[in-house]
Amino acid sequence: MALADDIEMVRGHVRLGRRHIAQQRGRITELERLELPTAKALEFLELLESMQDFHELHLSRLLEKAARPV
């Protein structure tokens, strides 16, 4: 797989991760509105955010690599 393909794939992961985090935050808001437990939902949000950090770091490294002179 070419570097450009890797970058595009990871960009997709970053976009998808952002969407998942936003959805999870919405679920937590709804649970709070209904006065239901949120502990597990918050734990899952932390996991999603941790994975997002990893994807964004990976993308950053790939972009740095692509910017280097050959």
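Only the coordinates and a few stated rules stand behind these numbers; no lab work does. Small disclaimer: the values here were computed from a predicted structure and weren't measured. Heads up, the Cβs are rebuilt from the backbone with ideal geometry, glycines too, and the neighbour counts pull from every protein chain shown.
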If we scan region 53-63, do we find a residue that is acidic (D, E) and under 15 Å from the mean Cα position of the chain (by Cα)? yes
Quick check: anything in region 29-45 within 11 Å of the chain's Cα centre (by Cα) and β-branched (V, I, T)? no
Could you list all residues from region 27-70 that are more than 30 Å from L3 (Cβ to Cβ), in a helix (DSSP H, G or I) and not acidic (D, E)? R27, I28, T29, L31, R33, A39, K40, A41, L42, F44, L45
